[in-house]
1. Could you tell me whether A295 is in a helix (DSSP H, G or I) and either farther than 23 Å from I216 by Cα or out of contact with any Asp or Glu (no Cβ under 7 Å at 6 or more places or on another chain) (or both)?
2. Tell me which residues, restricted to region 189-205, are closer than 15 Å to V358 by Cβ and among the hydrophobic types (A, V, I, L, M, F, W, C).
3. Can you give me the ranges of the helices (runs of 4 or more DSSP H) entirely in region 1-90 with at least 2 residues that are within 31 Å of the chain's Cα centre (by Cα), farther than 18 Å from R270 by Cα and at pLDDT 75 or above?
4. Picking from D279, D237, D249, which residue would you name as being surrounded by fewer than 19 Cβ atoms within 10 Å (Cβ to Cβ), touching a strand residue (DSSP E or B) at 6+ places or on another chain (Cβ under 8 Å) and either assigned by TED's automatic domain parsing to the domain that holds L175 or within 26 Å of E50 (Cα to Cα) (or both)?
5. Taking the stated definitions as given, is G243 surrounded by fewer than 24 Cβ atoms within 10 Å (Cβ to Cβ), closer than 22 Å to I176 by Cβ and under 17 Å from the mean Cα position of the chain (by Cα)?
6. What tally of residues in region 137-174 results from selecting those that are touching a Leu at 6+ places or on another chain (Cβ under 8 Å), of a type outside the set (A, V, I, L, M, F, W, C) and at pLDDT 80 or above?
7. Return only the number of the condition from (1) closer than 16 Å to A166 by Cα; (2) at pLDDT 75 or above; (3) not in a helix (DSSP H, G or I) that Y96 does not satisfy.
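The values are calculated or read from the model by the stated rules, or taken from the named source; none is laboratory data. The model shown is predicted, which means the values in this text are computed figures rather than measured ones. Cβ coordinates were reconstructed from backbone atoms using ideal geometry, including for glycine residues, and neighbour counts include every protein chain displayed.
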Amino acid sequence: MLLAYQNAKQKDYDLLRKRAGNDPGAFLIAARIIRGLSQKDLARRLGLREQAIQRWETEKYRSISLSNYQKVAQVLGVRWQFTDVTVPAQHATPLYDIKRDDLNKLVRHARANGWLEKADSDETAIEKLVRYVGDHVTRYGTPSLLRTGLNVVDRSEDWSLLSWKAQITRRAEILIDRHKPRYRPTKLSWLVELVRLSQFPDGPKRARDLLLENGIVLIAEPQIPGMRVDGAAFLADDVPVIGLTLLRDAIDNFWFTLLHEVGHIILHFRTGLASGFFDDIASTGTDEFEKEANAFASNLLIPDEIWTRTPARIARTAEPIEKLASQIKIHPAIIFGRVRMERNDYTLFSNKIGRGTVREQLLA
């Protein structure tokens, strides 16, 4: 193994690959070395401590869960292909213990939002959805954490969230295949332009195009009833993807949620994005990652040094707020929304936040 490692340092990986063979754990170790990543680098990309990677590699990943194995493999660009294994469709079963009523609810949602062929029977529809989700989990793992509240919530067996993410990913993969987007973590100049797009009536559409130009895929997909998710950020084929439910169809909510998810991509590209972030923006308590994304979105939309001095913060009329919006070149709905949130009074300026104007652009 020492000779294989020494050869790898000289960019000769043949012996290392041969030593790994078909051992899944050894193959992950080889993949890390081939990619030129240290254990610390890999840990950072997964949002973990270096000691976790050291322990897993010492054991050749024998004690790791399938979900975590899939996340490591995804970060390293490793894909497994299984052959000569056939499961007839009529024997397909859900990944988890799901009530029939929940499956029927999902089928109704899938039909209403174009996931399925109209001619599919209920049984065929269920088989397709089970297969979609199963294929997605095999390739990408599960969205294990919903990072909201004072404690991070385990959603690894949330069938609705899995199905929603699988649909977002399928749609994203089509765009990735068509446009070949390339995300550059160090290129940030486009962020100012993104915020300025909020001024335009078709700002959400323009934002989607600008993000794609800069290597980020934005997909709007209605939430499945009961999900309580505003947005998500994760990787598909190593490309950052933002999913939005547009649960709250208003301009202020759209731009804050979008910038929150962009914040995850910018700030956490190598520290958690591989696992994914699934956010309920209305949550009253947040963990460290969410605090960072919230601060990123707030400061990018309205710089802190401006917000702390502006009379718009305490305005009782629309004029000071609209004046500030014109000065900093953003949509006034964003500022009206922030005033409502900070004062915890959602009766204020309720006709100023641009209700009913986003879904028609991104869900049509």
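1. Answer is yes for this residue.
2. L197, F200 - these are the residues of region 189-205 that are closer than 15 Å to V358 by Cβ and among the hydrophobic types (A, V, I, L, M, F, W, C).
3. Result: 24-34, 50-58.
4. Only one candidate passes the filter, namely D249.
5. Against the criterion (surrounded by fewer than 24 Cβ atoms within 10 Å (Cβ to Cβ), closer than 22 Å to I176 by Cβ and under 17 Å from the mean Cα position of the chain (by Cα)), G243 does not qualify.
6. The qualifying residues number 2.
7. Of the numbered conditions (1) closer than 16 Å to A166 by Cα; (2) at pLDDT 75 or above; (3) not in a helix (DSSP H, G or I), the odd one out for Y96 is (2).
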